[in-house]
1. When Lys and Arg each count +1 and Asp and Glu each count -1, what net charge do the other residues less than 15 Å away from Thr58, Cβ to Cβ, add up to?
2. Would you tally the net charge around Thr10, using a Cβ to Cβ cut-off of less than 11 Å, leaving Thr10 out, and scoring K and R as +1, D and E as -1?
3. Just tell me which lysines come within less than 28 Å, Cα to Cα, of Lys273; anything on the same chain fewer than 8 places away is out.
4. Quick one: length gained pulling Val244 to Arg157 fully straight, 0.36 nm per residue minus the C-alpha distance?
5. What length, rounded to one decimal in nm, is gained on full extension from Val185 through to Ala140, with 0.36 nm per residue of separation minus their alpha-carbon distance?
6. Quickly rank 47-57, 185-195, 21-31, 249-259 as a protection proxy: mean count of other C-beta atoms within 10 Å, highest first.
7. How charged is the neighbourhood of Phe166? Take every other residue with its Cβ under 10 Å from the Cβ of Phe166, and add Lys/Arg as +1 and Asp/Glu as -1.
Amino acid sequence: MACFAVLDTTTKRVTTVVPVLMAVWARYFFQALLTSAVVLPLKGLDVLKTQNPRQQITRGVLLAVVTSLAFLSLRFLPVGEFTAIVMMVPLLVTLLAARTLGEHVSPQRIWLVCGGFVGTLIIVRPGTEVFGWPLLIPAALVVVNAAFQLLTSKMARTEDAMTTQFYTTWIGTALTSIPLFWFWVPVTETRALLELVLMGVAGCVGHFLLIMAFERSPAGTLMPYMYAQIGFAMLGGWLVFDHVPDRVSMMGISLIALCGTAGGWLTVYELRKKTS
């Protein structure tokens with residue numbers, strides 16, 4: 001989660017120097033290189049074997065859209081508030097999983113989703129000067145990211161995690177390379193170049209650590225820790241941009257984190273109850 005917060009914080013800085021699409025490409029390109037350097041020596045060409053090539057392509061496209069919307073959102077929103085809104089995704093996935101994956105969703109989870117939605121409304125504050133058209137971008141991001149997470153959950157049943165990671169990074173690189181000719185600008189600042197590389201490194205390390213975590217623990221056990229990203233994002237926003245969310249936004253952020261964490265521990269309780 002700290003790696004993902006570093007990625008978001010660095011993105012907000014670097015998109016003031018280079019176009020958003022170029023930043024998205026750099027994030028994928030450097031992550032793809034690092035992923036290949038780790039995966040290919042371990043699995044060789046077996047990493048290319050997949051039972052669902054269409055799903056691999058769809059997942060890569062969805063994540064490319066998610067990344068583009070995230071980078072665009074960070075041009076308008078502080079890192080902490082942006083991260084809190086995006087953290088609505090696990091709660092939304094909980095609701096949608098009942099319809100798309102046939103999973104049971106308890107009334108308690110529905111109330112937690114409603115609580116998280118209220119927290120989001122507190123942050124965006126419809127009807128005030130805080131609410132504006134840029135907030136439509138993270139709203140679209142939440143919807144697309146929820147679709148991405150649901151597809152990932154479905155693919156995890158049959159696909160190797162390393163194979164999925166390999167395809168996703170290179171599909172994202174290919175998609176963002178096509179229009180790069182029209183958006184490329186020379187990077188003359190050493191700091192900006194290092195930040196572009198850092199984005200790829202942070203994304204790669206974060207995703208690999210996430211895969212390792214899911215290999216060792218159930219998703220329900222890990223979910224509460226996902227909300228630590230809000231804290232890391234707020235820390236990054238304070239250290240780099242000297243921004244601290246106001247009291248009202250802090251209330252919304254706290255409510256989202258509370259509902260999300262409660263949902264995670266509810267999952268842990270249900271899993272332990274089933275195995276006992």
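1. Numbers: positive: Arg54, Arg59, Lys154; negative: Glu159.
Summing Lys and Arg as +1 and Asp and Glu as -1 gives +2.
2. Details: positive: Lys12, Arg13, Arg27, Arg191; negative: Asp8, Glu195.
Taking every other residue near Thr10 into account, the sum is +2.
3. Counting by Cα, and skipping residues close in sequence, Lys273 has these lysines nearby: Lys154.
4. Numbers: separation 87, 0.36 × 87 = 31.32 nm, distance 4.09 nm.
Stretched out fully, the Val244 to Arg157 stretch lengthens by 27.2 nm.
5. On the way: separation 45, 0.36 × 45 = 16.20 nm, distance 2.76 nm.
Computed gain between Val185 and Ala140 is 13.4 nm.
6. Numbers: 47-57: 14.2, 185-195: 12.2, 21-31: 24.7, 249-259: 20.4.
Descending mean neighbour count gives 21-31, 249-259, 47-57, 185-195.
7. Working: positive: Lys43; negative: Asp160.
It works out to a net charge of 0.
Every read-out reported here was derived from the displayed coordinates using simple, explicitly stated rules and does not represent laboratory data. Quick caveat, the model's predicted, so the values are computed rather than measured. Note: ideal-geometry Cβ built from the backbone for every residue, glycine included; neighbour counts use all protein chains shown.
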